[in-house]
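I'd like to ask some things about the structure below.
All of the numbers you see were taken from the coordinates with simple rules; none came from a lab. Keep in mind it's a predicted model, so treat the numbers as computed, not measured. Cβ placement follows ideal geometry from the backbone for every residue including glycine, while neighbour counts extend to all protein chains displayed.
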Amino acid sequence: MRIISIANQKGGVAKTTTTINLGASLSSLGKKVLLIDLDPQAHTTLGLGIEPDNLSKTMLNVLEPYRSKDKLKLEEIIINLKVGGGENLFLAPTNIDFASAEYKLIDQIGREDFLGASIRECKIPFDYIIIDCPPSLGILTVNALKACNEVIIPMQPHYFALRGIQEFMETAEIVRRNLNHHLKINILITIAEIKNNLAQEVIAEIKQYFSDKLLKNIIRKNITLVEASSQGVPALYYSPNSHGAIDYYKLAQEVISFEKEEISAGI
């Protein structure tokens, strides 16, 4: 099982869009995928057509302290989305109440591993778990980094974004050192206006500095991605021939190709 966190402390870089559309594309390629909404804004939940205010069981229950009467196992809150006529895509949802999770975890022993423990104890087997992180570097994001073995950092091709990436990678290194945890880090360029000269300059600079971490596929700016989320479905099932759907499908193929590389390398 591969666990991938979609993380960046900066908002508006397509973390949720990437979570939804990468997950849907992986599921369409035959992978059994669980999306975990770890952001109190609940945008992944909303973007998949689930009304957060109507939920009685969410990730808040999963991350409750062990002695809490409200604590649930991860498999008890999972929703089978059944999008596109398939049954390979699942969601662990959240809602605005999840904003209290940081405070509930702050004084708990082993708080950095509450999410990881719930995943390890889950009895439903998945090929991929993809975690949508909040736009911060708090305890929820640290939980996601501790639980996963890979991180995808979405970033727009803007100069200021380069500094933010450096800050996030420093945090990931702290997690690796302090929690004795290995993280594979990949950078994904998103919302790219590839015909824009300035964007091309920034992309060239990103390739220069992060060539070993940069994913080959670039997610172009595409209104279909926004429209699909507003309709509560992934772009692949809203407009399969759109640039957005095609870009994320190719990204899913690239992510899957890493499995073959690991096998050939004997990992």
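Net charge near residue 16: determine it from the other residues with C-beta under 11 Å of the C-beta of residue 16, scoring Lys and Arg +1 and Asp and Glu -1.
Details: positive: 15; negative: 37, 39, 132.
Once all neighbours under 11 Å are counted, the net charge is -2.
With unit charges on the beta carbons (Lys and Arg positive, Asp and Glu negative) and the dipole taken about the Cα centre of segment 2-264, which residue among 209, 256, 3 sits farthest to the positive side?
So the residue we want is 256.
Just list whichever of 104/250; 146/195; 31/216; 31/184 have alpha carbons separated by over 29 Å in the model shown. Write down the numbers at each step before the final one.
On the way: 104/250 39 Å; 146/195 38 Å; 31/216 21 Å; 31/184 20 Å.
Correct reply: 104/250; 146/195.
Count the net charge of all other residues whose Cβ sits under 14 Å from the Cβ of residue 108, scoring Lys and Arg as +1 and Asp and Glu as -1. Spell out each step's value before the answer.
Values: positive: 67, 71, 104, 111, 146; negative: 64, 102, 107, 112, 113.
Once all neighbours under 14 Å are counted, the net charge is 0.
What is the Cα convex hull volume of the chain when expressed per residue in Å³?
Numbers: hull volume 33.4 nm³, N = 267.
Per residue, the Cα convex hull of the chain comes to 125 Å³.
Counting DSSP beta bridges in the chain, what percent are antiparallel, to the nearest 5? Intermediate values should be presented prior to the final figure.
Values: 2 of 27 bridges.
Roughly 5 percent of the beta bridges in the chain run antiparallel, per DSSP.
Per residue of the chain, what 222 nm ellipticity follows from adding -39500 (n - 2.57) for every DSSP H run with n ≥ 4, rounded to the nearest 500?
-12500 deg cm²/dmol
By per-residue mean of other Cβ atoms within 10 Å, what is the highest-first order of 136-147, 43-54? Each step should come with its number before you reach the end.
Numbers: 136-147: 21.8, 43-54: 18.7.
Highest to lowest by the protection proxy: 136-147, 43-54.
Less than 9 Å Cβ to Cβ from residue 193, Lys/Arg counted +1 and Asp/Glu -1: what total charge do the surrounding residues give?
Values: positive: 195, 220, 221; negative: none.
Around residue 193, the charge tally is +3.
Could I ask something else about it? With unit charges on the beta carbon (Lys/Arg positive, Asp/Glu negative), name the residue among 124, 114, 72 whose Cα is farthest towards the positive pole of the charge dipole of segment 1-138.
Among 124, 114, 72, the one farthest towards the positive end of the dipole of segment 1-138 is 124.
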